[in-house]
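The values are calculated or read from the model by the stated rules, or taken from the named source; none is laboratory data. Just so you know, these numbers come straight off a predicted model, no measurement behind them. Here the Cβ positions follow ideal geometry from the backbone for every residue, glycine too, while neighbour counts run over all protein chains shown. What goes into the accessible areas is simple: the full protein's heavy atoms, side chains included, and nothing from ligands, DNA or RNA. Shrake-Rupley method; radii C 1.70, N 1.55, O 1.52, S 1.80 Å.
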Amino acid sequence: MSQSLINTAGLTEDQRMMREGVLDLLSRHLPWEKIRQLDETRGFPIEAYNALAEAGYIGLFYPEELGGMGGSYKDIAVFLETLGYYYTGIAQAITTSGVYAGMHIAKFGSPELKQEIVPQIIQGKVKLALGMSEPGTGSDVAGIKTSAKREGDEYVINGSKVWITCAHVADYIVAIVKTDTQARHSGISTILVPTNAPGVTIRPLSMLGRRTSHANEVFFDNVRVPARNLFGGEGQAWKNIMNCLGLERLALAAISAGHCFKITEYARDYARERIQFGQPISQFQVIQHKLADMLIMSETARQMMYRVADLLDQGQPVVTEASIAKIVATDNNFKCADIGMQIMGGAGYSNEYDMQMFFRDSRVGPIGGGTNEIQRNIIAKKMDL
């Protein structure tokens, strides 16, 4: 194994041990040849997912009173950066359930719902997906059409969702729905929908990258769920979604930062071994500068992400900083993959090597979790523009 470019100075001893433990666990339960196989077959990394849950890592996201470990934001950042460094697919699988969907229940669920669901998320017994985007609404969340109408002790849900990550393996969907179809932001609510409920249909989508934790279409046809499954307050979902965004964007940035380092190391190792004009191409200054640029982008992404974690740990608002970190880390992730492919030439473009997968897996970053254009809108608003 070649030397890692990630400098662990500044991490606590516990954080360094966690990083080593996670990498060791993944090397055993998700060896690289298995990743390539799962990428081709679009299989979910279930063994690695279960192993991480069994080792207690999903508990990092949750407070001790819900059965979690109560990790700091810095702990979470280290964990997710490590997952992203090893393989973005397992990182996305863990965060979809543990952060993007599960955090809504942990923060806004009724005491009964929290006690019923969160310990099962931590143990890996229950997986969740977040159902927000729709065929006609992506960035415009307030424009969603999926409706939930109250009928006695139940809500009846009709509509469809698209680009729903990991819905194909989820036990529940945290669905963002319209309980008041005449209103925009004030008409949105959050409801927990079992995927095995009559009227729920999930159709896998064939995506360019992140194939092991791919997206899906979800259809709701007169789906009935108990009224108690609506949580966080009727019409309160927009405010609650905003409350979760700091951690979500930290997670997206951390995964991308870790992936930047993986790509840079892979390109460096190739350049050291590739002989042209009688010497390794790593000896040519043009290649050295490309690799230096990749390391600069990796380290920049990492520093932005840890800045957000530090602010969150201090209880500070991170709206601007989280959007900046998400933009920088995800843009840099794709740029690193693009430069890495150029360094490798034809080999980078070939399915025989991993760079093409890194390239595909990195491209979703500037799109998912709130496009980088939307992040810039948020920054501009905070600038009073």
With springs connecting C-alpha atoms under 10 Å apart, model the chain as a Gaussian network and identify which of H29, H104, H168 has the largest mean-square fluctuation. H29
Chymotrypsin sites (Phe, Trp or Tyr not before Pro) within region 239-341, DSSP loop, no more than 16 other Cβ atoms inside 10 Å: F277, F284
Taking all protein chains in place and a 1.4 Å probe, what share, in percent, of the accessible surface of the chain do carbon and sulfur account for? 51 percent
The correct ranking of R150, R224, R268 by accessible area at 1.4 Å, largest first, is R150, R224, R268
Rg/Rg_ref, region 152-203, where Rg_ref = 2.2 N^0.38 Å and atoms are Cα: 1.20
Using a 1.4 Å probe on heavy atoms of the protein chains only, the accessible area for R302 in Å², nearest 10, reads 10 Å²
Go ahead and estimate [θ] at 222 nm for the chain from helices alone: -39,500 (n - 2.57) per DSSP H run with n ≥ 4, summed, over the residue count, rounded to 500. -16000 deg cm²/dmol
Filter the cross-link list K161/K335; K125/K326; K125/K145; K107/K127; K149/K239 down to pairs whose alpha-carbon distance in this structure exceeds 25 Å. K161/K335; K125/K326; K125/K145
Taking Cα atoms only, Rg over Rh for the chain with Rh from the Kirkwood formula is 0.98
How much space per residue, in cubic angstrom, does the convex hull of the C-alpha atoms of region 254-381 take up? 96 Å³
Report Rg(Cα)/(2.2 N^0.38 Å) for region 218-264, keeping two decimals. 1.82
Convex hull over the Cα atoms of region 172-226, averaged projected area in nm²? 5.0 nm²
Where does each of K335, K381, K149, K178 land when they are ordered by accessible area, with a 1.4 Å probe and the largest first? K381, K149, K335, K178
To the nearest 10 degrees, how steep is helix 111-122 against the longest Cα principal axis of the chain, on a 0 to 90 scale? 30 degrees
Largest-first ranking of R307, R249, R211, R274 by accessible area, probe 1.4 Å, whole protein assembly kept, is R307, R274, R211, R249
When we measure straight from the Cα of K74, which aspartates and glutamates land under 19 angstrom away, once same-chain ones fewer than 8 places off are left out? E13, D14, E20, E64, E248, E299, D310, D313, E321
For region 1-105, taking Cα atoms only, what is the radius of gyration to one decimal and the Dmax to the nearest whole Å? 13.9, 41
The helix 319-344 Cα axis meets the longest alpha-carbon principal axis of the chain at an angle in degrees, between 0 and 90 and rounded to 10, of 40 degrees
For region 62-202, just list the percent of Cα-Cα distances falling in each 10 Å bin from zero outward, please. 11, 38, 35, 15, 1
Tilt relative to the chain, helix 285-313 - C-alpha long axis, 0 to 90 degrees, to 10: 30 degrees
For region 117-252, give the magnitude of the charge dipole about the Cα centre (Cβ charges: +1 Lys/Arg, -1 Asp/Glu; no others), in debye to the nearest 20. 280 debye
Can you give me the pair-distance distribution of region 1-42, C-alpha pairs, 10 Å bins, whole percents? 24, 40, 27, 9
